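Notes for the one structure printed next.
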Amino acid sequence: MARKITYQQAINEALDQEMARDPSVIVMGEDNAGGEGSPGEMDAWGGVLGVTKGLYHKHPGRVLDTPISESGFIGAAIGAACNGLRPVAELMFVDFMGVCFDQIFNQAAKFKYMFGGKAETPVVIRTMYGAGFRAAAQHSQCLYSLFTHIPGLKVAIPSNPYDAKGLLIQSIRDNDPVIFMEHKVLYTMEGDVPEESYSVPFGEAAVVREGDDVTIVALGRMVSFAQDAAQALQKNGIHCEIIDPRTTSPLDEDTILESVEKTGRLVVVDESNPRCSMASDIAGLVAQKAFGALKAPIEQVTAPHVPPPFSDALEDLYIPNAAKIESAVSKIREYG
Amino acid sequence: MSQIHTLTMPKWGLSMSEGKVNGWLKELGDGISVGDEVVEVESEKIAGAVEAPVAGILRRQVVSEDDIIPVGALLGVIADEEVSDADIDAKVEDFLANFVPPSEDQEEGGPAPVKIEIEGQRLRYLKRGEGGNQVLLIHGFGGDLNNWLFNHEALAAKREVFALDLPGHGESVKAVGDGSLDTLTDRVIGFMDTLGIESAHLVGHSMGGAICLNLAKRAPSRVKSLVLVASAGLGQDINGDYIGGFVESQDRRSLKPLLSELFADTNLVTRQLVEDMLKYKRLEGVTDALRTLAGKLFPEGRQAVTLRPALDAFGKPILVIWGGADQIIPASHAPTPGGRVQVGVLNGKGHMVQMEAANEVNRLIDDFLG
């Protein structure tokens, strides 16, 4: 039996093992070394929530503190990747990504295409996303669909500790820029994780649960909500199949389509705002390629089209949950 | 009251804390003989039937299809005809009132696999049972100690039973050296030396069977008896497409049909079984290890090593078990029974016969070891 560690420890272990394996892997970000509240170099803070803690001393000279200038250090990480390093940059909250869209969207994502396929940009940008931390509109968004939209970027969204380690190792070894989305509420989630190194391939969805009645495609933190809903629905004799795409770019279309061919019903659960989201993208995919199999309209369970609220009560209403998934499943079960 | 027997959710493997009821195989009121399959249940890993430990009549079905209940919880009641309904109801009520599901803490206190270093090489094993009578369980190509999930505890009731992960497998070191049978055999002998096991009954499945035979050939004094389950080393035939496909397959879509070849009843290939196998195959070094082993032991769809003479030369008892519907190594490789050699062919069972017909295999081995 693999031992149980947290999602946060799994990410730390992936970084540690890859840094030990490959001297070209470096880590950079705000407060990765030192930082407010830490005794400085004696015990580096390890980023805002301590994910990279312990790496500073284990890998001297390869964990870099950066100024609070995302546009600067993300650009530097991309440049370093073009010059032979494999940087893993930590951009605290995905909400701050906007200031470096040119570096990411217009430079890193384009190099391979602009230079005849000869340029490689093996950079990983790790970032926290998601609501549930009482952190309000500028620190709670769920923006993976923005990056999924851009050709040339890969996007990984681990939903559990095992995938967090395996997808991060795969991200570091990948020769394209990868946006690695970590849900801050999942950091304390525990799960079985092998001590040995392993990689989880991109573009291969996990079938989290098998069932014949309804397909639920869920992303990131939503996977465990979908599991709770499926468990409850089973008591009423409704068997849900849960698909966790794990990466949205590339997206494992086949696994989703095969499942819907079997069940004829689809609920997509996405913590993002609904317009131009993964929910609408996957719903569109299924409507186009598995229309004949559908027995009911596709349901999307998402946040509403408003920024994440600061009020606790409103934030709780904003985030999709198991009850909302259950009622979406029940609704399309009752349809015709 | 003594004629009222409770059927409870079995515990198949360390990680099982609850099981799902797949359906009753006997109707209420059916007559039951010892060993009859009464109800099918499913753990995360695999589905299997619960056998009747006693004869009688199935008087109560406490659970129904799709129920998920903890290990040890009540499935049903078997009792003789003359036992009154009131007595049975009292027994059920009593059981339900006193049942405490096993807690997480108790789980952790149970037997857990151990990792040791032998000459710098990590080896994982799981020991169950006590006493001097030692048994070694050695899994096959691509397997691990969990292949004995349904057998380990049963065999350990009267013995000290070790299941190990061979090099290249499970959580043991992934380096397999030249991948030869001798190298693997050396590691098993090293394991016995390290744990102070002078001699043991060796139980090997598939490639593990060939290792047992080779060990018996090289160090006969270390082997008390041999149990060879769907064993390699007894003929040239092997399903080369399976071996090659298994080595190279890296995703669910290609792996699942291959794993289905291991079982006669393909319903046993659960989502979790496929997922666990993928998790193993993703570990660094596993594909290289499997390639090396397959290239050395099963090149071009044939078994490279035949140990028939070793089987004939081994002067102690041998039990050979095979699934009649084995699609990996044909049951026709089983030797002719007679003298020191007993043979049990279980019709309609596949290569993973120790999982697929666990109760029967356990009984055969238990009787054989005495």
Show which lysines lie in cross-link reach of A:LYS295 when reach means a straight Cα distance below 20 angstrom and same-chain residues fewer than eight apart are skipped. A:LYS262, A:LYS331
Taking the Cα centre of the range B:39-141 as origin, sum charge times position over the Cβ atoms of Lys and Arg (+1) and Asp and Glu (-1), and report the length of that vector in debye to the nearest 20. 780
Positive-pole candidate from A:MET278, A:ALA328, A:ILE243, dipole of the range A:224-336, charges at beta carbon: A:ALA328
Over 31 Å between Cα atoms, which of A:LYS235/B:LYS281; A:LYS118/B:LYS174; A:LYS154/A:LYS184; A:LYS58/A:LYS118 qualify? A:LYS235/B:LYS281; A:LYS118/B:LYS174; A:LYS58/A:LYS118
Which of the trypsin sites (Lys or Arg not before Pro) found in the range A:204-264 are loop residues per DSSP with 12 or fewer other Cβ atoms within 10 Å of their Cβ? A:LYS235
Cross-link pairs beyond the 32 Å C-alpha cut-off, checked among A:LYS4/A:LYS112; B:LYS224/B:LYS296; A:LYS110/A:LYS289; B:LYS11/B:LYS349: A:LYS4/A:LYS112
Would you mind getting me the FRET efficiency between B:GLN121 and B:VAL345? Use the beta-carbon distance for r and R0 = 35 Å, nearest 0.05. 0.45
To the nearest whole percent, what portion of all C-alpha pairs in the protein assembly as shown is separated by more than 32 angstrom? 58
Treating only Lys and Arg (+1) and Asp and Glu (-1) as charged, each at its beta carbon, one finds that the range B:114-369 has a dipole about its Cα centre, in Debye to the nearest 20, of 180
Taking a 1.4 Å probe, which of A:ARG265, A:ARG3 shows the most accessible area, and what order do the others take after it? A:ARG3, A:ARG265
Given the candidates B:GLN327, B:LEU307, B:LEU126, the one whose Cα lies deepest towards the positive end of the charge dipole of chain B, counting +1 at each Lys or Arg C-beta and -1 at each Asp or Glu C-beta, is B:LEU307
In nm, the gap between the two label points placed 7 Å beyond Cα toward Cβ at B:ASP251 and B:ARG271 is 1.9
Within the range B:69-162, list the chymotrypsin sites (Phe, Trp or Tyr not before Pro) lying in a DSSP loop whose Cβ has at most 14 other Cβ atoms in a 10 Å radius. B:PHE99
Taking the Cα centre of chain A as the origin and placing charges on Cβ (Lys, Arg +1; Asp, Glu -1), which of A:PRO161, A:GLY46, A:PHE101 is farthest toward the positive end of the dipole? A:PHE101
Roughly how large is the B-A contact in terms of buried accessible area, totalled over both chains, probe 1.4 Å, nearest 100 Å²? 2000
A:HIS149 to A:SER69: extension gain in nm, 0.36 nm per residue of separation minus the Cα-Cα distance? 26.3 nm
Using alpha-carbon positions, what is the distance between the centroids of the range B:247-271 and the range A:86-132, in Å? 38
Values of log10 I(q)/I(0), in the order q = 0.18, 0.19 Å⁻¹, for the range B:5-106 under a Debye, Cα-only, solvent-free model: -0.83, -0.92
Overall form of the range A:3-193 per C-alpha gyration tensor (a/c, 1.5; a/b vs b/c): rounded
Given a Förster distance of 45 angstrom, what is the FRET efficiency for A:LYS235 paired with A:MET114, based on the Cβ-Cβ distance and rounded to 0.05? 0.25
Accessible area (Å², per residue) of chain A, counting only protein heavy atoms and a probe of 1.4 Å: 39
Nearest 10 degrees, 0 to 90: what angle lies between the long axis of helix A:222-234 and the longest principal axis of chain A (Cα atoms)? 30
For the range B:10-157, what is the accessible area per residue in Å² when the probe is 1.4 Å? 47
Let's see if you can work this out: charge +1 on each Lys and Arg Cβ, -1 on each Asp and Glu Cβ, no other charges. What is the dipole magnitude of chain A about its Cα centre, in debye to the nearest 20? 420
Drop in accessible area of at least 50 Å² in the complex versus isolated chain, residues of the range A:192-229, 1.4 Å probe: A:GLU196, A:GLU204, A:VAL207, A:GLU210
Please give every one of the aspartates and glutamates within straight-line cross-link reach of B:LYS316, meaning a C-alpha to C-alpha distance under 18 Å, and leave out same-chain neighbours fewer than 8 residues apart. B:GLU198, B:ASP366, B:ASP367
Roughly how tilted is helix A:7-21, in degrees to the nearest 10 and between 0 and 90, from the longest Cα axis of chain A? 50
At a Cα cut-off below 13 Å, give the aspartates and glutamates reachable from A:LYS324, other chains included and same-chain residues fewer than 8 away excluded. A:ASP228, A:ASP270, A:GLU271, A:GLU299, A:ASP316
With an 8 Å Cα cut-off and a minimum separation of 6 or more residues, compute the relative contact order for the range B:114-369 in percent. 20
Could you grab the relative contact order for the range B:5-106? Cα pairs under 8 Å, six or more apart, rounded to a whole percent. 31
Beta bridges by DSSP in the range A:3-193, antiparallel share as percent, to the nearest 5: 15
Could you work out how far helix B:358-369 tilts from the main Cα principal axis of chain B, as a 0 to 90 degree angle to the nearest 10? 70
Can you pull the percent of Cα pairs in the range B:114-369 with separation above 31 Å? 15
Between the range A:208-237 and the range B:12-69, how many Å separate their Cα centres? 26
Spin-label point model (7 Å from Cα, Cβ direction): what's the B:ASN359 to B:ALA175 distance in nm? 4.6
Quote the relative contact order of the range A:3-193 in percent (integer), defining contacts as alpha-carbon pairs under 8 Å separated by 6+ residues. 26
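The values are calculated or read from the model by the stated rules, or taken from the named source; none is laboratory data. All figures in this text were calculated on a predicted structure; none of them were measured in a lab. Virtual Cβ from ideal backbone geometry, glycine too; neighbours counted across all protein chains shown. To get the accessible areas, we keep the full protein, side chains included, count just its heavy atoms, and leave off ligands, DNA and RNA. Shrake-Rupley method; radii C 1.70, N 1.55, O 1.52, S 1.80 Å.
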